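Below: the structure, in structure tokens.
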Amino acid sequence: MPEKAYQNLLEEGMDRGLVWRGRDDRPQGDAVESSGWPVLDECIGGGWPKGALSELLSRHRLGLSLLLPGLARLSREGRWLGWVAPPHLPFAPGLVQAGVALDRLLLVREVDARERLWAAEQLLKSGRCSMVLLWPQTLRDPQIRRLQLAAEQGDCIGVLFRPLRVAAQPSPAALRLRLLPSPLGMDVEVLKRRHGWGGRHCTVRVA
Amino acid sequence: MHWLGLYFPDLPLEVFVRGQSLEGPLAVTARQGGQICILRCNEAARKLGIRAGQPLQAALALAGELRSWPRDLAREEEALQALAQWAWQFSSLITFEPSLLLLEIGASLRLFGGIDALLQRILDELPLLGYSGRWATAPNPTAAGLLARVAPGSRVTTREALVARLERIPLARLTRDAEARALLNDIGLGSIGDVLGLPRAELARRLGPGLLQLLDRLLGEAPDPRPPWQPPPRFEQAIELPAEVENGAALIFPARRLLLSLCGFLRGQGAATQRLHWWLEYREERPPNEIEQGLLRPTRDPEHLLARFRERLERVTLAAPVIRLGLRVDDCLPYAECSGDWLNGTGAEAEGDILERLATRLGEQRLGGLRGRPDYRPERAVVIAPMEEGGEQPLLRGRLPLWLLHPPRPLRTADGVPQHAGPLELLRHSQRIESGWWDGEDAARDYYLARNPAGERLWVFRDRRDGRWFLHGLFD
């Protein structure tokens, strides 16, 4: 097998979370922001990876509740929280109840597929946002890589809300979680994480 | 006093062509003795043998592709006014002579770090504005103007040096007034030095009072009062586009020139701006296209403004070829130096920058902050507002969802049970809302936390007036 093919295979393996990359990964990739849910932190290697993308896959592109403790903390730290193309109107009183300070929240709405990606990239790499949430339309691999790069550049936690069906496609995101609502809260399955294997499960009592 | 004379010999041509970088021979004509002659031309025309003073017919015979415009004095006057607005950042005492700008710079030398630094700055920026200037400095405005015209590059600070500098200058160049020049030619004196050697009484007899006074002013022996120019309260300039522009990218070049001029004007006022009005004039008889450009913070950085304009242009469709680009700024705001450092060691400017970039490209209405409002009706308890607006504490209590569906989505019922991807299980009565009778949008609703068979948690209500069910929120 030629070297290039090995390279591709290795990359795909990494994208699928099949290759454990040991402790010698890029050092900035190690920084995490605690999710505020101990059981989840334990599953995902300490928290949301900083300077990287996380993907939340669910039937109706949910998962915001998992982010709330982190959003609440980051909303008091000065940098912006960017929300690009949320599917519904975020309910301000509900967010306030969850401890989120609204004045650092930046909404980008009514934008088409191209503008969403552009806006998300700008926010991710600006260095002015601690977290950027993006509800994308279909995403291709190079686009995800670009966003990943932007997140690294801006030291930002990028979160993509994507449908369940993309679980089978590999992705360069650092963390991928599959979410299912359950009577106890939210069932979380780790599809991929840095420095570790996927496959772990936990239930977060979001409700 | 320390005066800087800036002479613009090519102004008659530049007013027509500075909007674009044009190739080929270009000229401005004027009527001389009954025929149209070349007044100024560019380098490309000179290479083809075209010279000032040549009849236009002869010039066209040399170069059929010559583009020419009849001289427009009003436009030159406008251009000098515009230059003065830009130059206001360097001097607060400005006056004019034809094709000449005279600036008192003694007071601003320290501010700009000395004469060399100041000159450098001025000479660097002039070509960017689309003008080529010649300069000289002298202790009085008359001398600064004369030297800029006839001995550009002179730097004179003392009277002795001034006399030495003036001595060899031909007397005929003392003035541009035709009648006085004829007189000077007739009196048989060669240079200004020759005149200075004459006794004053004879000088008065031979030159007449007008020229004598001019000479006195030149040497600083008579007061040289100049009406000080005052900048207009608002900025408004336009630039001609001699080659009609059909795509937006070609507007960047003239836009940069207008913005440089604007930023000089703003610096001179100690001001910045947050709102620009651009207009595009079309060749055909169409109304001009007005473009409003808002910024999140006051600024006076031309590159920043240009980047925003470039992005704004992407959303503009040109209705026809553009022949003129204009820029107006009505509101000048006090400029606050970027205080910086309130966020992670970098300036607030950079933060405004990203927000502005988004607002410019996407439109301000697509960018917003989320604000709470003190209203019990959920649809009125949240609003998307401009980023700078503040919010109020929401009144709603009880378990609240993260997402609001607006308007509420009616739910089908089966056997009295509301359905949403299957029958809903009502987990908890969450709140009763009776509100809004005072503004005619009264609501009488019972809200419940509900769950569907897929396990999704929903916020539903029953309208107590007609018993219908609605989905109003998602718990996620």
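A short reminder: the numbers here are calculations on the coordinates, not readings from a lab. As the structure is a computational prediction, the values presented were derived from the model and not from experiment. Quick reminder, even Gly has a Cβ in these numbers, built from the backbone with ideal geometry, and neighbours come from all protein chains shown.
Within chain A, what is the longest stretch that has no GluC sites (Glu not before Pro) placed in a DSSP loop and near at most 16 other beta-carbon atoms within 10 Å?
Values: sites that count: A:E77, A:E110.
Segment A:111-207 is the longest.
For chain B, averaging the sequence separation of C-alpha pairs within contact (under 8 Å, six or more residues apart) and dividing by the residue count gives a relative contact order of 11 percent.
Under conditions of 10 °C and 1.306 mPa s, segment B:1-123 yields 99 µm² s⁻¹ as its translational diffusion coefficient, taking Rh as the Kirkwood radius over Cα pairs in the Stokes-Einstein equation.
Between the Cα long axis of helix A:64-74 and the first principal axis of chain A there is an angle of about 80°, rounded to the nearest 10. Note that the protein assembly as shown shows a convex hull volume over its alpha carbon atoms of 241 Å³ per residue.
Using the Cβ-Cβ distance between A:E110 and B:D116 with R0 set to 60 Å, the FRET efficiency from 1/(1 + (r/R0)^6) comes to roughly 0.65. What residues have an amide H closer than 5 Å to that of B:L405, excluding those fewer than 5 places away on the same chain, when H is modeled at 1.01 Å from N in the peptide plane? Residues meeting the amide H criterion: B:G473, B:L474. Mean-square fluctuations from a GNM of chain A, with a 10 angstrom spring cutoff on Cα atoms, peak among A:V39, A:V84, A:V190 at A:V39.
For chain A, the convex hull drawn through the C-alpha positions has a volume of 119 cubic angstrom per residue.
What trypsin sites (Lys or Arg not before Pro) in segment A:79-171 are in a loop by DSSP, with at most 11 other Cβ atoms within 10 Å of the Cβ? If you can, show how the numbers build up before the last one.
Values: sites: A:R79, A:R104, A:R109, A:R114, A:R116, A:K125, A:R128, A:R140, A:R145, A:R146, A:R165; in loops: A:R79, A:R109, A:R128, A:R140.
Qualifying residues, ordered by number: A:R140.
Where in chain B are the DSSP H helices whose alpha-carbon span along the long axis reaches 15 Å or more and whose Kyte-Doolittle mean is at least 0.0? Helix filter hits for chain B: B:115-129, B:252-269.
Taking the number of Cβ atoms within 10 Å of each Cβ as an exposure proxy, the fewest-first ranking of B:I94, B:I252 is B:I252, B:I94.
What is the ratio of the Cα radius of gyration of chain B to 2.2 N^0.38 Å, where N is its residue count, to two decimals? Present the calculation step by step, with values, prior to reporting the outcome.
Details: Rg = 34.4 Å, N = 476, 2.2 N^0.38 = 22.9 Å.
With N residues counted in chain B, Rg over 2.2 N^0.38 Å equals 1.50.
Sequence gap at least 6, Cα distance under 8 Å: using those rules, report the relative contact order of chain A to the nearest whole percent.
Values: 427 pairs, mean separation 59.2, N = 207.
Contact order relative to length: 29 percent.
Here the 3J(HN,Hα) profile of segment B:410-423, calculated from phi with Karplus coefficients 6.51, -1.76 and 1.60 at θ = phi - 60°, is x, 10, 5, 10, 10, 6, x, 9, x, 10, 7, 6, x, x Hz, Gly and Pro shown as x.
Using a ≥ b ≥ c from the Cα gyration tensor of segment A:90-207 (square roots of the eigenvalues), is it rounded, prolate or oblate, where a/c under 1.5 gives rounded and otherwise the larger of a/b and b/c decides, a/b for prolate? Walk me through the numbers before you get to the answer.
On the way: a/c = 1.65, a/b = 1.08, b/c = 1.52.
Here segment A:90-207 falls in the oblate category.
Highest GNM mean-square fluctuation among A:P38, A:P183, A:P90, for chain A modelled with Cα contacts below 10 Å: A:P183.
Highest GNM mean-square fluctuation among A:Q143, A:Q122, A:Q97, for chain A modelled with Cα contacts below 10 Å: A:Q97. Exposure here means at most 16 other Cβ atoms within 10 Å; with chymotrypsin sites (Phe, Trp or Tyr not before Pro) in a DSSP loop as sites, the longest stretch of chain B lacking them is B:1-334. Relative to the longest principal Cα axis of chain A, at what angle does helix A:113-126 sit, 0 to 90 degrees, rounded to 10? Tilt relative to chain A: about 90 degrees.
Hey, what's the Kirkwood Rh for segment B:371-476 if you take every pair of different alpha carbons, in angstrom?
Values: mean 1/r = 0.0691 Å⁻¹.
Here the Kirkwood hydrodynamic radius works out to 14.5 Å.
Taking GluC sites (Glu not before Pro) as exposed when their DSSP state is a loop state and no more than 16 other Cβ atoms lie within 10 Å, the longest site-free interval of chain B runs over B:66-220.
Taking the inverse of the average 1/r across all pairs of different Cα atoms in segment B:204-275, what Kirkwood radius in Å do you get? Before the final figure, lay out the partial values.
Values: mean 1/r = 0.0598 Å⁻¹.
Radius from the Kirkwood sum: 16.7 Å.
Rounded to the nearest 20, the size of the Cβ-charge dipole of segment B:146-185 about its Cα centre is 160 debye, with Lys and Arg at +1 and Asp and Glu at -1.
With a 10 Å Cβ neighbour count serving as the proxy for reagent exposure, in which order, fewest first, do A:K50, A:K192 appear? Don't skip to the answer; put the middle values down first.
Working: A:K50 20, A:K192 24.
In order of increasing Cβ crowding within 10 Å: A:K50, A:K192.
Nearest 20 debye, what's the magnitude of the dipole of the protein assembly as shown about its Cα centre given +1 on Lys and Arg Cβ and -1 on Asp and Glu Cβ?
Numbers: 89 positive and 84 negative charges, 265 e Å.
Magnitude of the dipole: close to 1280 debye.
Of the trypsin sites (Lys or Arg not before Pro) found in segment B:99-142, no site is in coil according to DSSP while having at most 11 other Cβ atoms within 10 Å of its Cβ. Could you tell me whether segment B:235-362 comes out rounded, prolate or oblate from its Cα gyration tensor? Rule is a ≥ b ≥ c as square roots of the eigenvalues, rounded for a/c under 1.5, then prolate if a/b exceeds b/c, otherwise oblate. Prolate is the answer for segment B:235-362, as a/c is 1.5 or above and a/b outweighs b/c. Loop-located trypsin sites (Lys or Arg not before Pro) in segment B:360-419 (DSSP state other than H, G, I, E, B) with a sparse environment of at most 11 neighbouring Cβ atoms within 10 Å: B:R397, B:R412. Beta-bridge orientation, chain A: approximately 35 percent antiparallel, per DSSP, counting only bridges with both partners inside.
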